[in-house]
Amino acid sequence: MRLTWSDVTPKPLWLSRRQLIAGATALAASPALAKIEAAKSAYSTDAEPNSLEDITSYNNFYEFGTGKGDPAEYAGGLTVDPWSIVIDGMVDKPGTYDLADVVKGQPLEERIYRFRCVEAWSMVVPWIGFQLSGLLNRVGVQPSAKFVAFETLVRPEEMPGQSSPFIDWPYREGLRLDEAMHPLTILATGLYGEAMPKQNGAPIRLVVPWKYGFKSIKSIVRISLTDAMPQTTWNMLQPQEYGFYANVNPKVDHPRWSQASERRIGAGLFGGRQDTLMFNGYEAEVASLYAEMDLAKDY
Ligand SMILES: Nc1nc2c(c(=O)[nH]1)N[C@H]1C(S)=C(S)[C@@H](COP(=O)(O)O)O[C@H]1N2
Ligand SMILES: [Mo]
């Protein structure tokens with residue numbers, strides 16, 4: 001039997017100290033914080049999840065600034081309700097879907113996944129979400145479609161980082177269709193059994209656990225089916241350093257640093273370094289997707 005975070009982690013360990021002290025009454029009083037009921041998944045790792053504090057205080061979300069603490073500091077002002085997603089391109093049922101409609105009928109699962117950033121740090125996150133394939137099947141992917149493109153919200157009034165032209169907003173990502181349909185690929189609407197924290201990409205974000213973290217685009221407002229490889233934010237910025245595929249690969253170094261090992265956030269100053277695994281440890285599940293490719297070339 002697989003264990004969920006609540007089985008393995010006493011609540012005081014994953015609730016941050018700050019929340020325990022300042023938020024105990026607010027937490028108990030808020031009906032919005034009702035636990036999301038989700039089934040356990042065979043795709044979960046047995047590794048110990050990071051604390052809620054780690055997961056919500058050390059973030060990359062450039063819409064709120066480039067510092068690891070900026071998302072936690074500035075994302076609180078983001079309006080996530082109402083929220084809708086445009087689904088367009090090569091689909092049978094294009095349209096603007098309310099978030100409730102996107103999620104409707106999709107079985108929510110807890111997926112405890114390893115998460116590996118291209119910057120060589122990593123975490124283990126107990127996501128709540130559903131398979132992207134479920135949504136794509138519902139809207140009907142046409143035979144001509146070969147890729148899925150994603151875009152994040154553009155709302156500079158609420159996203160202070162968007163006043164910087166460093167990135168050509170919106171933040172963009174993309175997957176090949178078979179990658180998008182893979183059962184490990186999820187749209188996550190929460191973590192630790194509750195709605196997605198804003199700094200982690202509320203109200204809905206992609207999670208592709210065998211790829212570097214930048215592929216897992218946050219706060220999605222558009223999903224487009226297309227026959228051409230989509231433009232993706234980091235590839236547009238630095239094509240020599242960040243490819244379209246961005247599969248975690250300890251044997252293909254970033255031009256400026258090694259990818260052979262990673263620092264597990266929260267694991268302590270000396271104990272936190274560990275070997276990076278091929279496809280972030282999901283090789284058995286996904287290697288067949290890339291059988292024909294030279295992974296050093298198609299990085
Ligand atoms: N829209 C958007 N999505 C994004 C990013 C971003 O800056 N903007 N950063 C990416 C990077 S580099 C990483 S490592 C992960 C971080 O996710 P986390 O903060 O939930 O750990 O989000 C990814 N998704
Ligand atoms: Mo990242």
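Each value in this text was obtained by applying a stated rule to the coordinates, not by laboratory testing. Only a predicted model underlies this, so the values are computations on that prediction, with no experimental measurement involved. Reconstructed Cβ throughout: ideal geometry from the backbone, glycine too, with neighbour counts over all protein chains shown.
Tabulated data
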quantity: Cα centroid of region 200-215 to Cα centroid of region 258-299, whole Å; calculated: 16
quantity: Mean ellipticity per residue at 222 nm, deg cm²/dmol - from DSSP H runs of n ≥ 4 across the chain, formula -39500 (n - 2.57); calculated: -4000 deg cm²/dmol
quantity: Relative packing of 105-113, 146-154, which averages over residues the other C-beta atoms within 10 Å, highest first; calculated: 146-154, 105-113
quantity: For region 144-230: rounded, prolate or oblate by the Cα gyration tensor [a/c cutoff 1.5]; calculated: oblate
quantity: Listed residue (GLY134, TRP121, ILE204) projecting farthest to the positive dipole end of region 2-290, Cβ model; calculated: TRP121
quantity: In order through region 188-205: 3J(HN,Hα) via Karplus (6.51 cos²θ - 1.76 cosθ + 1.60), integer Hz, x for Gly, Pro; calculated: 9, 10, x, 7, 6, x, 10, 3, 4, x, 4, 5, 9, x, 4, x, 7, 9
quantity: Highest to lowest packing among 274-283, 87-96, scored as the average C-beta count within 10 Å; calculated: 274-283, 87-96
quantity: Cα lying deepest toward the dipole's positive end in region 243-286, options LEU277, ALA246, ALA267, charges on Cβ; calculated: ALA267
quantity: Cα centre as origin, Lys/Arg/Asp/Glu Cβ charges: region 2-290 dipole, Debye; calculated: 340
quantity: Segment HIS254-ALA228, extension gain: residue separation times 0.36 nm, minus the distance between their alpha carbons; calculated: 6.8 nm
quantity: Gyration tensor verdict on the chain (Cα atoms; rounded if a/c is under 1.5, prolate if a/b is larger than b/c, oblate otherwise); calculated: rounded
quantity: Stretchable slack from LEU237 to VAL154, in nm (0.36 nm times residue separation minus alpha-carbon distance); calculated: 28.1 nm
quantity: Net charge over other residues, Cβ less than 10 angstrom from the Cβ of TRP127 (K, R count +1; D, E count -1); calculated: 0
quantity: Dipole of the chain, positive end: most advanced residue of MET293, LEU52, SER258 [Cβ charges, Cα centre]; calculated: LEU52
quantity: Within-10-Å neighbourhood charge of GLY193 [Cβ basis; K, R +1; D, E -1]; calculated: -2
quantity: Relative contact order (percent, whole number), region 2-290, Cα cutoff 8 Å, 6+ residue spacing; calculated: 20
quantity: Per-peptide average of other Cβ atoms within 10 Å, ordering 159-172, 250-263, 122-135, 58-71 highest first; calculated: 122-135, 58-71, 159-172, 250-263
